[in-house]
Amino acid sequence: MANQNFVYDEADFRNSAAKTGNFLKKFGGFIVAAIIALIIIFDSTYQVNEQEQAVLVTLGKPQSVTDSGLHFKIPIIQRVIKVDTTIHGFGIGYDVATNITNSNESLMITSDYNFVNVDFFVEYKVIDPVKAVYASRDPEMILKNIAQSSIRTVVASYDVDSVLTTGKTEIQAAIKQLVVSKLDAQDLGIALVNMTIQDSEPPTAAVMEAFKAVETAKQGKETALNNANKYKNEKLPEAEANADGVIKIAEAAKEKRIYEATAHVAIFNAMYEEFVKNPRVTKLRMFYETMEDVLPDLKVIIVGTDGVETVLPLDSFMDQSTSSAE
């Protein structure tokens, strides 16, 4: 009896297992189908933000996606690589996070064989997401190597005084131009935005103090020049006005002398014409008029041959001469 029960129980177990297997087969396929459907639904769209671009890869072929917003793709067949297009930066000669100097990068030699520590900050951004992803494994490292090479090349062509004081702007521009040309040749899909000198100083404290003294003296020179230019700008208009006044007075005196000389010439010519006509009478009239000028109150009495006395002055010969000249 016990054997019959055991056989019955084993058969019943087998029936139950068969039913369970059939159930799993039916609903297992449904579950798999649901999972696949969810994958298709959630993997068929992707979002590109404002500060991003994307690379859509279809069976190994990349395509740039530059428009922000919601986009569709074919699940499994297509995949998306997003690229940040905001401006990125890194330091050369120091650690940006800790601000600790890296002498292996910052120590350089100038054209006059002096050592200086120069720190730079480099800014760049992605302009071609496909090239930024596929052209190189680490485009930022390549840019850093290009920047370091260009910095050393340019700094080595300037003297130490230019690197530390007066030539920073010119050096920055030269380095940036050299980096841009080399970066364009590499075609990495990134572009240099800016490159600035953060700090430049001698490697020792004593030399640093000496250069600070030189810089202070140069600033004092600039201040003195500015003050001198200010004084010049204040006094120059006044001096020009005074000079203009003197010139005008001289011009007026010149015109006056010209008019006086012209009048004297006219008087002389008139007197000469009268002298030619009658030299004796002209001499007498000139004598009488001269006496009137010297002795204005003097009356001249001319005694004629007939005993008649004539009282002068006569009409001014000079007035007549002037009238005839006019």
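Overview of values
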{"quantity": "Lysines with Cα under 28 Å of Lys277, excluding same-chain neighbours fewer than 8 positions away", "calculated": "Lys299"}
{"quantity": "Fewest-first sequence of Asp161, Asp119, Asp199 by Cβ atoms within 10 Å of each Cβ", "calculated": "Asp199, Asp161, Asp119"}
{"quantity": "Taking Met108, Met195, Met286, Met141 and counting other C-beta atoms within 10 Å, the order from fewest to most", "calculated": "Met141, Met286, Met108, Met195"}
{"quantity": "Segment 89-203, relative contact order in percent, only Cα pairs under 8 angstrom and at least six apart counted", "calculated": "37 percent"}
{"quantity": "When each of Lys176/Lys221; Lys144/Lys182; Lys144/Lys212 is checked by Cα-Cα distance, pairs over 20 Å", "calculated": "Lys176/Lys221; Lys144/Lys212"}
{"quantity": "Cα-Cα over 19 Å, subset of Lys125/Lys168; Lys82/Lys131; Lys61/Lys131; Lys73/Lys125", "calculated": "Lys125/Lys168; Lys73/Lys125"}
{"quantity": "Mean separation of Cα contacts under 8 Å, 6 or more apart, over the residue count of segment 45-85: relative contact order %", "calculated": "51 percent"}
{"quantity": "Estimated dipole of segment 72-127 in Debye, rounded to 20 [Cβ of Lys and Arg +1, of Asp and Glu -1, Cα centre]", "calculated": "620 debye"}
{"quantity": "Estimated vicinal HN-Hα couplings, Hz - segment 216-232 in sequence order (Karplus 6.51, -1.76, 1.60; Gly, Pro = x)", "calculated": "4, 5, 5, 5, x, 4, 4, 5, 4, 5, 5, 5, 5, 5, 5, 4, 4"}
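Laboratory data are not the source of any read-out in this text; all were calculated from the coordinates shown. Just so you know, these numbers come straight off a predicted model, no measurement behind them. No Cβ is skipped: glycine too gets one built from the backbone with ideal geometry, and neighbour counts run over all protein chains shown.
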